[in-house]
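Contents: one structure, followed by commentary.
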Amino acid sequence: MSINFPLLLVLAVLICGALALFDLLVLAPRRRAAIAAYQGQVNGAADDKVLEKLNKEPLLVEYGKSFFPVLAIVLVLRSFLVEPFQIPSGSMKPTLEVGDFILVNKFAYGIRLPVLDTKIVEVGDPQRGDVMVFRYPSDPNINYIKRVVGLPGDTVRYTSDKRLVINGQPVAESFLRQEPGSLGSAALYEEKLGAVEHLIRKEMRRYRIEPSREWVVPEGYYFMVGDNRDNSNDSRYWDDPAIDPELRGMVADRNIVGKAFAVWMSWPEPKGSNLPNFTRVGLIH
């Protein structure tokens, strides 16, 4: 069962804020009135323990007031500025490894209301080559991370020899070296998408695609592909029958979470036998 953490955070802030407001408007005046009445009865010879008891906040209110500022700050930071994520799979190798902890810019593509995800301020749009976090179209409770390949209006083709072609132009790539793969060796390439140069990985004997496939990206949607080209569940393979055929494989603007921009820590699997490290700290390209 997936947990909607943003919704839980908003509810926690609302509940704690309501408790703090209720105390300010109702309970605190009652406490002050009780203290004043007691002091009038004892003619100024008040017992400190009695005063402390009369002024004591209910436990639930005390917790609510204590947690409210902390939760409110976390909500603002997480919803409008930066949100942390952990990479769960190898679909973005070699750019991102399993166990990388990344930071995502939440305002790069517009400021959105938490939970509702309604854009309230236009800031910018995804650019070709960006590494983007988004909600999986078939299950918006799951976050995915891939690279932006197709922009609205683009025609994207993925050929049987594992080449990206955008608007009739093959995406520039250059072979770098071979490295160990899950099925024999894998080939490492440097690819240039727009102004972004990054590494991609291909396992030439895995998931052969025949024949070439082509997609047209509708307005308000994006075509996403993982850097680990033969081990990535992305726009090339999504085929949910519940989604309009013309929109299958596409990520709607409303599903965007933010732009991944940095790795701040890594904790390789298995965590029981590995320690967190900072060897991969740096900006994401």
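Quick note: the coordinates plus some simple rules give every number you see, no bench work behind them. Since we're looking at a predicted model, the values are computed, not measured. All Cβ positions, even for glycine, are placed from backbone atoms using ideal geometry, and neighbour counts span all protein chains on display.
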- What does the convex hull of the Cα atoms of the chain come to per residue, in Å³, rounded to a whole number? 186
- Residue-averaged [θ]222 nm for the chain, counting only DSSP H segments that reach four residues, each worth -39500 (n - 2.57): -6500 deg cm²/dmol
- Task: Figure the gain on full extension for S273 and L24 (residue separation times 0.36 nm, minus the Cα-Cα span) and round it to one decimal in nm.
- Result: 84.6 nm
- Query: L283 versus S66, label points 7 Å from Cα toward the beta carbon: distance in nm?
  - Reply: 4.2
- Item | Choice from Y38, Y136, Y109 with maximal GNM fluctuation in the chain (Cα, 10 Å cutoff) | Y38
- Item | Pairwise centroid distance, computed over Cα atoms, of the range 225-243 with the range 79-141, Å | 17
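Taking Cα pairs under 8 Å and at least six residues apart, what relative contact order does the chain come out at, in percent?
Numbers: 537 pairs, mean separation 54.0, N = 285.
With pairs under 8 Å counted, the relative contact order is 19 percent.
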- Query: Given springs between every Cα pair under 10 Å in a Gaussian network model of the chain, which of F80, F22, F261 has the largest fluctuation?
  - Reply: F22
- Two pseudo-spin positions, 7 Å from Cα along C-beta at R32 and at T118, lie apart in nanometres by 3.7
- Listed residues R177, R254, R78, most fluctuating in the chain (Gaussian network, C-alpha, under 10 Å): R177
